[in-house]
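A short worksheet on the structure shown next.
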Amino acid sequence: MTTQPLVSVVIPCYNYGRYLAEALDSARAQSYPTVEIIVIDDGSIDDTEEVAAGYGPEIAYFHQENSGPAAARNMGARTAAGVYLVYLDADDILDPTYLERTVREFESAKDPRLAFVYTQMRTFGRESAITTFPVFDVRPLLINNYVHASAALRADVVRSNPFDEALRAGLEDWDFFLRLCELGYTGRLVDVPLLAYRRHGDAGSRQDAISRGRGQRLRGRLVRKHWRLYLHHGPWYAKTMAAKAYRKLTHG
(Lines give C-alpha, C1' and ligand atoms only; values in the text may rest on other atoms or scores of the structure.)
Protein backbone atom coordinates (compact mmCIF):
# COMPACT_ATOMS: atom_id res chain seq x y z
CA MET A 1 0.00 0.00 0.00
CA THR A 2 1.37 3.41 -0.99
CA THR A 3 1.85 5.80 1.92
CA GLN A 4 0.23 9.17 1.34
CA PRO A 5 2.40 12.23 2.01
CA LEU A 6 2.06 13.85 5.41
CA VAL A 7 0.20 17.17 5.52
CA SER A 8 0.83 19.66 8.32
CA VAL A 9 -2.10 21.86 9.32
CA VAL A 10 -0.61 24.85 11.13
CA ILE A 11 -3.02 27.04 13.12
CA PRO A 12 -1.58 30.41 14.17
CA CYS A 13 -3.63 31.83 17.03
CA TYR A 14 -3.60 35.22 18.72
CA ASN A 15 -6.35 35.63 21.34
CA TYR A 16 -8.80 33.52 19.36
CA GLY A 17 -9.16 30.76 21.93
CA ARG A 18 -12.94 31.13 21.68
CA TYR A 19 -12.84 29.92 18.07
CA LEU A 20 -9.85 27.59 18.21
CA ALA A 21 -11.77 24.38 18.99
CA GLU A 22 -13.83 24.77 15.80
CA ALA A 23 -10.66 25.12 13.72
CA LEU A 24 -9.01 22.15 15.46
CA ASP A 25 -12.08 19.97 15.08
CA SER A 26 -12.22 20.73 11.35
CA ALA A 27 -8.56 19.74 10.98
CA ARG A 28 -9.15 16.53 12.94
CA ALA A 29 -12.20 15.65 10.82
CA GLN A 30 -10.31 15.51 7.52
CA SER A 31 -10.97 12.58 5.18
CA TYR A 32 -7.26 12.64 4.33
CA PRO A 33 -5.50 10.05 6.53
CA THR A 34 -2.00 11.40 7.26
CA VAL A 35 -2.21 14.73 9.06
CA GLU A 36 -0.32 16.48 11.83
CA ILE A 37 -1.88 19.47 13.57
CA ILE A 38 0.19 22.28 15.05
CA VAL A 39 -0.98 25.32 17.02
CA ILE A 40 1.34 28.33 17.05
CA ASP A 41 0.30 30.57 19.94
CA ASP A 42 1.41 34.07 18.96
CA GLY A 43 1.60 35.46 22.49
CA SER A 44 -2.08 35.08 23.36
CA ILE A 45 -3.33 36.22 26.75
CA ASP A 46 -6.64 34.35 26.57
CA ASP A 47 -7.32 30.59 26.92
CA THR A 48 -5.59 29.53 23.70
CA GLU A 49 -3.09 27.30 25.50
CA GLU A 50 -5.81 25.63 27.60
CA VAL A 51 -7.96 24.91 24.53
CA ALA A 52 -5.02 23.30 22.70
CA ALA A 53 -4.00 21.33 25.79
CA GLY A 54 -7.51 19.89 26.00
CA TYR A 55 -6.77 17.81 22.90
CA GLY A 56 -3.79 16.13 24.52
CA PRO A 57 -0.74 14.93 22.55
CA GLU A 58 -2.79 14.78 19.33
CA ILE A 59 -2.10 18.51 18.91
CA ALA A 60 1.43 19.95 18.91
CA TYR A 61 1.50 23.31 20.71
CA PHE A 62 4.19 25.99 20.44
CA HIS A 63 4.29 29.43 22.03
CA GLN A 64 6.12 32.54 20.85
CA GLU A 65 6.14 36.16 21.93
CA ASN A 66 3.59 38.16 19.96
CA SER A 67 5.27 38.78 16.59
CA GLY A 68 2.43 38.80 14.07
CA PRO A 69 0.94 36.26 11.64
CA ALA A 70 3.95 36.08 9.31
CA ALA A 71 6.29 35.14 12.16
CA ALA A 72 3.77 32.58 13.45
CA ARG A 73 3.55 30.97 10.02
CA ASN A 74 7.32 30.86 9.66
CA MET A 75 7.61 29.16 13.04
CA GLY A 76 4.97 26.68 11.94
CA ALA A 77 6.91 25.88 8.77
CA ARG A 78 10.07 25.28 10.80
CA THR A 79 8.34 22.85 13.16
CA ALA A 80 6.18 21.05 10.57
CA ALA A 81 7.19 17.66 9.23
CA GLY A 82 4.71 17.53 6.34
CA VAL A 83 5.42 17.45 2.62
CA TYR A 84 2.49 19.84 2.24
CA LEU A 85 1.43 22.63 4.55
CA VAL A 86 -1.91 24.33 5.18
CA TYR A 87 -2.18 27.43 7.35
CA LEU A 88 -5.60 27.61 8.98
CA ASP A 89 -6.51 30.84 10.76
CA ALA A 90 -7.84 30.02 14.23
CA ASP A 91 -11.27 31.51 13.45
CA ASP A 92 -11.78 29.61 10.17
CA ILE A 93 -12.96 26.09 9.34
CA LEU A 94 -11.84 23.49 6.77
CA ASP A 95 -14.28 21.34 4.84
CA PRO A 96 -13.66 17.64 5.66
CA THR A 97 -12.37 17.02 2.12
CA TYR A 98 -10.06 20.04 1.98
CA LEU A 99 -6.76 18.19 2.33
CA GLU A 100 -7.83 15.24 0.21
CA ARG A 101 -8.80 17.44 -2.74
CA THR A 102 -5.88 19.86 -2.61
CA VAL A 103 -3.27 17.12 -2.20
CA ARG A 104 -4.84 15.27 -5.13
CA GLU A 105 -4.13 18.33 -7.31
CA PHE A 106 -0.47 18.32 -6.29
CA GLU A 107 0.00 14.60 -6.74
CA SER A 108 -1.77 14.41 -10.10
CA ALA A 109 -0.01 17.45 -11.55
CA LYS A 110 3.57 16.17 -11.16
CA ASP A 111 4.60 19.74 -11.91
CA PRO A 112 7.71 21.02 -10.10
CA ARG A 113 6.49 24.59 -10.64
CA LEU A 114 3.22 23.99 -8.77
CA ALA A 115 3.69 25.53 -5.31
CA PHE A 116 0.14 26.24 -4.09
CA VAL A 117 -3.41 24.97 -4.51
CA TYR A 118 -6.28 27.20 -3.41
CA THR A 119 -10.07 26.80 -3.27
CA GLN A 120 -13.16 28.92 -3.22
CA MET A 121 -14.33 30.19 0.20
CA ARG A 122 -17.67 30.33 1.94
CA THR A 123 -17.86 33.37 4.20
CA PHE A 124 -19.95 33.26 7.36
CA GLY A 125 -20.65 35.42 10.38
CA ARG A 126 -21.10 39.10 9.49
CA GLU A 127 -21.98 38.14 5.92
CA SER A 128 -22.60 34.97 3.93
CA ALA A 129 -21.32 34.53 0.40
CA ILE A 130 -19.36 32.18 -1.83
CA THR A 131 -16.30 33.50 -3.63
CA THR A 132 -15.70 33.29 -7.37
CA PHE A 133 -11.91 33.34 -7.45
CA PRO A 134 -10.45 32.94 -10.95
CA VAL A 135 -8.30 30.13 -12.28
CA PHE A 136 -4.72 31.03 -11.47
CA ASP A 137 -3.21 33.80 -13.58
CA VAL A 138 -0.54 36.20 -12.36
CA ARG A 139 -2.14 39.24 -14.03
CA PRO A 140 -5.28 39.50 -11.85
CA LEU A 141 -3.15 38.59 -8.82
CA LEU A 142 -1.25 41.84 -9.38
CA ILE A 143 -4.48 43.79 -8.89
CA ASN A 144 -6.06 41.86 -6.01
CA ASN A 145 -4.99 38.89 -3.92
CA TYR A 146 -7.46 36.12 -4.67
CA VAL A 147 -5.28 33.29 -3.26
CA HIS A 148 -6.40 32.89 0.35
CA ALA A 149 -4.02 32.33 3.25
CA SER A 150 -5.16 28.71 3.69
CA ALA A 151 -3.99 27.59 0.25
CA ALA A 152 -2.23 24.23 0.40
CA LEU A 153 1.50 24.79 -0.04
CA ARG A 154 4.61 22.80 -0.77
CA ALA A 155 6.41 22.88 2.55
CA ASP A 156 9.89 22.99 0.99
CA VAL A 157 8.93 26.12 -0.97
CA VAL A 158 7.66 27.85 2.18
CA ARG A 159 10.82 27.03 4.13
CA SER A 160 12.99 28.37 1.30
CA ASN A 161 10.84 31.49 0.91
CA PRO A 162 9.48 32.48 4.33
CA PHE A 163 6.84 35.13 4.88
CA ASP A 164 8.12 38.69 5.29
CA GLU A 165 7.73 39.30 9.03
CA ALA A 166 7.89 43.07 8.57
CA LEU A 167 4.50 43.01 6.82
CA ARG A 168 1.15 42.94 8.63
CA ALA A 169 -2.61 43.30 8.02
CA GLY A 170 -2.90 40.64 5.32
CA LEU A 171 -0.22 42.13 3.07
CA GLU A 172 2.15 39.29 3.99
CA ASP A 173 -0.07 36.78 2.14
CA TRP A 174 -0.22 38.78 -1.07
CA ASP A 175 3.50 39.51 -0.92
CA PHE A 176 4.26 35.81 -0.44
CA PHE A 177 2.32 34.67 -3.51
CA LEU A 178 3.74 37.46 -5.68
CA ARG A 179 7.23 36.42 -4.63
CA LEU A 180 6.54 32.82 -5.64
CA CYS A 181 5.35 34.05 -9.04
CA GLU A 182 8.59 36.02 -9.45
CA LEU A 183 10.48 32.78 -8.81
CA GLY A 184 8.57 30.95 -11.55
CA TYR A 185 6.12 29.03 -9.36
CA THR A 186 2.46 28.68 -10.18
CA GLY A 187 -0.84 27.73 -8.54
CA ARG A 188 -4.05 25.80 -9.20
CA LEU A 189 -7.67 26.37 -8.24
CA VAL A 190 -10.01 23.71 -6.84
CA ASP A 191 -13.25 25.41 -7.84
CA VAL A 192 -15.29 24.40 -4.78
CA PRO A 193 -15.83 26.34 -1.50
CA LEU A 194 -13.79 24.17 0.87
CA LEU A 195 -12.79 26.89 3.37
CA ALA A 196 -15.26 28.61 5.71
CA TYR A 197 -13.92 32.12 6.33
CA ARG A 198 -15.30 34.02 9.30
CA ARG A 199 -16.35 37.63 8.77
CA HIS A 200 -16.36 39.35 12.13
CA GLY A 201 -19.11 41.72 13.23
CA ASP A 202 -16.51 44.35 14.08
CA ALA A 203 -14.86 44.04 10.65
CA GLY A 204 -11.87 42.65 12.53
CA SER A 205 -10.67 40.08 10.01
CA ARG A 206 -7.15 40.67 8.73
CA GLN A 207 -8.30 40.69 5.13
CA ASP A 208 -11.00 43.24 6.00
CA ALA A 209 -8.23 45.64 6.99
CA ILE A 210 -6.99 45.75 3.40
CA SER A 211 -10.41 46.79 2.12
CA ARG A 212 -10.50 49.86 4.31
CA GLY A 213 -8.69 53.16 3.66
CA ARG A 214 -5.15 51.74 3.44
CA GLY A 215 -5.76 49.69 0.31
CA GLN A 216 -4.15 52.03 -2.18
CA ARG A 217 -1.09 52.63 -0.02
CA LEU A 218 -0.58 48.88 0.46
CA ARG A 219 -0.87 48.26 -3.26
CA GLY A 220 1.74 50.94 -3.91
CA ARG A 221 4.08 49.22 -1.49
CA LEU A 222 3.66 45.91 -3.29
CA VAL A 223 4.29 47.48 -6.68
CA ARG A 224 7.53 48.99 -5.44
CA LYS A 225 8.65 45.72 -3.87
CA HIS A 226 7.78 43.53 -6.88
CA TRP A 227 8.44 46.09 -9.61
CA ARG A 228 9.86 43.53 -12.06
CA LEU A 229 6.63 41.52 -11.98
CA TYR A 230 4.45 44.61 -12.30
CA LEU A 231 6.59 46.08 -15.06
CA HIS A 232 6.03 42.97 -17.20
CA HIS A 233 2.44 42.05 -16.35
CA GLY A 234 0.76 44.89 -14.44
CA PRO A 235 -1.94 47.34 -15.64
CA TRP A 236 -0.73 50.66 -17.02
CA TYR A 237 -0.82 52.56 -13.71
CA ALA A 238 1.17 49.80 -11.97
CA LYS A 239 3.67 49.76 -14.82
CA THR A 240 4.17 53.48 -14.30
CA MET A 241 4.76 53.02 -10.58
CA ALA A 242 7.07 50.07 -11.24
CA ALA A 243 9.08 52.10 -13.75
CA LYS A 244 9.49 54.87 -11.17
CA ALA A 245 10.63 52.31 -8.59
CA TYR A 246 13.13 50.91 -11.09
CA ARG A 247 14.53 54.36 -11.89
CA LYS A 248 14.88 55.16 -8.20
CA LEU A 249 16.64 51.84 -7.62
CA THR A 250 19.08 52.27 -10.49
CA HIS A 251 19.62 56.05 -10.50
CA GLY A 252 18.97 56.99 -6.87
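The values are calculated or read from the model by the stated rules, or taken from the named source; none is laboratory data. Here the structure is a predicted model, which means the values were calculated and not measured. As a convention, Cβ positions derive from the backbone with ideal geometry for all residues, glycine included, and neighbour counts pool all protein chains shown. Surface accessibility is based on the protein's heavy atoms, side chains included, excluding ligands, DNA and RNA. Shrake-Rupley method; radii C 1.70, N 1.55, O 1.52, S 1.80 Å.
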State which residue pairs qualify: first residue without any contact (Cβ under 8 Å) to a residue 60 or more places away in the chain and closer than 12 Å to A149 by Cβ and inside the range 69-84, second residue open to solvent by less than 10 Å² (accessible area, probe 1.4 Å) and among the charged types (D, E, K, R) in any location, beta carbons under 8 Å apart, and separation of 6 or more residues or different chains. none
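Any residue in the range 135-144 that is among the acidic types (D, E), out of contact with any Asp or Glu (no Cβ under 7 Å at 6 or more places or on another chain) and part of a helix (DSSP H, G or I)? Explain how you work it out, then say what you get.
Start the filter on the range 135-144 by keeping residues that are among the acidic types (D, E), which leaves 137.
From the residues that got through so far, the ones that are out of contact with any Asp or Glu (no Cβ under 7 Å at 6 or more places or on another chain) too are 137.
Restricting the remaining residues to those that are part of a helix (DSSP H, G or I) gives none.
No: the range 135-144 contains no residue that is among the acidic types (D, E), out of contact with any Asp or Glu (no Cβ under 7 Å at 6 or more places or on another chain) and part of a helix (DSSP H, G or I).
Looking at the structure I just gave you, is E172 among the acidic types (D, E), open to solvent by less than 50 Å² (accessible area, probe 1.4 Å), modelled with pLDDT under 95 and not in a strand (DSSP E or B)? Give the derivation first.
Working: among the acidic types (D, E): yes; open to solvent by less than 50 Å² (accessible area, probe 1.4 Å): yes; modelled with pLDDT under 95: yes; not in a strand (DSSP E or B): yes.
Here the answer is yes, as E172 does meet what is asked.
Mind checking which residues of the range 219-236 are at pLDDT below 70 and either in contact with a strand residue (DSSP E or B) (Cβ under 7 Å, 6 or more places away or on another chain) or surrounded by fewer than 17 Cβ atoms within 10 Å (Cβ to Cβ) (or both)?
Initially, the range 219-236 is screened for residues at pLDDT below 70, giving 234-236.
Correct list: P235, W236.
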Taking V190, is it in contact (Cβ under 8 Å) with a residue 24 or more places away in the chain, farther than 22 Å from Y14 by Cα and either hydrophobic (A, V, I, L, M, F, W, C) or surrounded by fewer than 21 Cβ atoms within 10 Å (Cβ to Cβ) (or both)? yes
Out of all the residues in the range 133-144, is one or more over 13 Å from L178 (Cβ atoms), open to solvent by 50 Å² or more (accessible area, probe 1.4 Å) and at pLDDT below 95? no
Can you tell me which residues in the range 22-31 are within 20 Å of the chain's Cα centre (by Cα) and either among the hydroxyl-bearing types (S, T, Y) or open to solvent by 40 Å² or more (accessible area, probe 1.4 Å) (or both)? E22, D25, S26, R28
Pairs under 9 Å by beta carbon, first residue free of Cβ contacts under 8 Å to residues at least 12 places away in the same chain in the range 125-153, partner assigned to a loop (DSSP other than H, G, I, E, B) and open to solvent by 30 Å² or more (accessible area, probe 1.4 Å), six or more apart or different chains? P140/P134
Answer yes if at least one residue in the range 105-113 is open to solvent by 40 Å² or more (accessible area, probe 1.4 Å), in a helix (DSSP H, G or I), closer than 10 Å to V190 by Cα and touching a residue at least 24 places away in the same chain (Cβ under 8 Å), and no otherwise. yes
